[in-house]
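The values are calculated or read from the model by the stated rules, or taken from the named source; none is laboratory data. Note that the structure is predicted; figures quoted are calculated from it, not measured. Here the Cβ positions follow ideal geometry from the backbone for every residue, glycine too, while neighbour counts run over all protein chains shown.
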Amino acid sequence: MRRFSALAGGVALAVIMLPIVLRTTEEMMRLVPASLREAALALGLPEWKVILRVVLPTARAGIITGVMVAVARVAGETAPLLFTAFGNRFWHQRLDQPIAALPLQIFAYAIAPFDDWHRQAWAGALVLIALVFLVSLAARIATRGRYSAVR
């Protein structure tokens, strides 16, 4: 894009996330038993419907877990954002402008010489960890099985 922008930062983080999500999805789909696939094929379902109606729902929890691992990994990435989004302390409404990001703020405040900024960096890190925890908790609740209450 030849300049710092929010869009470039998003693309950089997506490039980091994509291999993690793809590899996890591939492995989760391979873990689905062949007998389930064969049973659906024996009933006359086309292969694409077997994937959509049998394999993906069976592997859903693992796929969502892989996505959450990727989100947790990129949530703290500062270096790609330093080189692409650059950070900005002011609000911009356009995606082709530098934009603020919590990891960048934590980095900037952590290397500052002021004690107050150090405390704000620790608070930002706590907020970032809390956000990752809440998103992970929401994913865990979303991937509960039907019979998870029965033990």
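Results, tabulated for the structure shown:
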read-out	value
Of all residues in segment 45-60 being surrounded by fewer than 16 Cβ atoms within 10 Å (Cβ to Cβ) and within 15 Å of ARG23 (Cα to Cα), the one that is modelled with the lowest pLDDT	ARG60
Filter result for LEU128 (crowded, with 16+ Cβ neighbours inside 10 Å, modelled with pLDDT of 85 or more and under 23 Å from the mean Cα position of the chain (by Cα))	yes
Which numbered condition THR24 misses (of (1) polar (S, T, N, Q); (2) assigned to a helix (DSSP H, G or I); (3) surrounded by fewer than 18 Cβ atoms within 10 Å (Cβ to Cβ))	(3)
Residues of segment 71-112 classified as of a type outside the set (Val, Ile, Thr), closer than 16 Å to LEU126 by Cα and at pLDDT 80 or above, total	13
Residue in segment 65-79 that is over 18 Å from LEU7 (Cα atoms), among the polar types (S, T, N, Q) and touching a residue at least 12 places away in the same chain (Cβ under 8 Å) present	yes
Residues satisfying the stated conditions in segment 3-21, i.e. in contact with a strand residue (DSSP E or B) (Cβ under 8 Å, 6 or more places away or on another chain) and outside any helix (DSSP H, G or I)	PHE4, SER5
Residue check for ALA39: in contact with a strand residue (DSSP E or B) (Cβ under 6 Å, 6 or more places away or on another chain), surrounded by 13 or more Cβ atoms within 10 Å (Cβ to Cβ) and either over 30 Å from LEU82 (Cα atoms) or touching a residue at least 40 places away in the same chain (Cβ under 8 Å) (or both)	no
Condition met for ARG2 (at pLDDT below 90, surrounded by fewer than 12 Cβ atoms within 10 Å (Cβ to Cβ) and over 15 Å from the mean Cα position of the chain (by Cα))	yes
Hey, VAL32 part of a loop (DSSP other than H, G, I, E, B), hydrophobic (A, V, I, L, M, F, W, C) and within 24 Å of ARG53 (Cα to Cα) or not	yes
Every pair of residues 6+ apart whose Cβ atoms lie under 7 Å, when the first sits in segment 118-140 and is free of Cβ contacts under 8 Å to residues at least 60 places away in the same chain and on the phi > 0 side of the Ramachandran plot while the second is surrounded by 13 or more Cβ atoms within 10 Å (Cβ to Cβ) and in a helix (DSSP H, G or I)	none
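Residues are listed down the side, and each one gets a yes or a no for (1) among the basic types (Lys, Arg); (2) closer than 18 Å to VAL11 by Cα; (3) in contact with a helix residue (DSSP H, G or I) (Cβ under 6 Å, 6 or more places away or on another chain):
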position: ALA100; (1), (2), (3): no, yes, no
position: GLN105; (1), (2), (3): no, no, yes
position: ALA112; (1), (2), (3): no, no, no
position: ALA121; (1), (2), (3): no, no, yes
position: LEU134; (1), (2), (3): no, no, no
